[in-house]
Amino acid sequence: MIIPKRIFFTKGVGRHKEKLQSFEAALRNAGIAHCNLVTVSSILPPKCKIVPLKTGLKELKPGAITFVVMARAETNESGRQVVASIGAAQPSHRDSFGYLSEHHGYGQTDETAGDYAEDLAATMLATTLGIDLDPNTAWDERKKEYKMSKQFVRATNITQSARGDKNGLWTTVVAVAVMLE
């Protein structure tokens, strides 16, 4: 059983005439193309520490099996906005697990997509903590209620967006949470 002790967040954009190579370019831009990525579901392990991007990237070894939670979106339509976002919500009790969420979409700003991903993660965490909130309340209001409950340490996100290439090349965006032992 592997339980990650650290996690970092990264993002990237890639463009190419081939869809797969656009994805590869986005991973390269994010600094993780040299790893064998395995996508996992969205649990932020207990006691998992968020480390800076530079620290996390230094830990990666070429060819390593690397567990990630990834959001990805792509388009070959000129000017079409694509966005990928990872939200994270950590509980104040470090012995409890948190949540990661992945969101991918079209036409959204970084702020809108990031807030949405953050809200998803925070809402999943709130339900496991027994916090009863109205899902129709605006995210800003619920965020205040989460903080007042003293059961959350933080809710955050990493988001990448881009407009489709004007010449019709594939444009791929990724947002990734990378887990480390």
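For the stretch 170-181, the set of residues classified as surrounded by 20 or more Cβ atoms within 10 Å (Cβ to Cβ) and of a type in the set (A, V, I, L, M, F, W, C) consists of W170, V173, V174, A175, V176, A177, V178, M179, listed by residue number. For the criterion of being part of a strand (DSSP E or B), touching a residue at least 40 places away in the same chain (Cβ under 8 Å) and surrounded by 16 or more Cβ atoms within 10 Å (Cβ to Cβ), S101 passes.
Only one entry in V51, V69 is within 22 Å of L120 (Cβ to Cβ), surrounded by 15 or more Cβ atoms within 10 Å (Cβ to Cβ), touching a residue at least 40 places away in the same chain (Cβ under 8 Å) and not polar (S, T, N, Q), namely V69. Looking only at the stretch 73-82, decide whether some residue is out of contact with any His (no Cβ under 7 Å at 6 or more places or on another chain), modelled with pLDDT of 95 or more, at positive phi and not polar (S, T, N, Q). Looking for residues that are out of contact with any His (no Cβ under 7 Å at 6 or more places or on another chain), modelled with pLDDT of 95 or more, at positive phi and not polar (S, T, N, Q), one finds at least one in the stretch 73-82, hence yes.
Of the strands (runs of 3 or more DSSP E) contained entirely in the stretch 1-87, those carrying at least 3 residues that are closer than 11 Å to T171 by Cα fall at 6-16, 65-75.
For the stretch 109-143, the set of residues classified as assigned to a loop (DSSP other than H, G, I, E, B), closer than 24 Å to P45 by Cα and modelled with pLDDT of 75 or more consists of G130 only.
The values are calculated or read from the model by the stated rules, or taken from the named source; none is laboratory data. The model shown is predicted, which means the values in this text are computed figures rather than measured ones. Cβ coordinates were reconstructed from backbone atoms using ideal geometry, including for glycine residues, and neighbour counts include every protein chain displayed.
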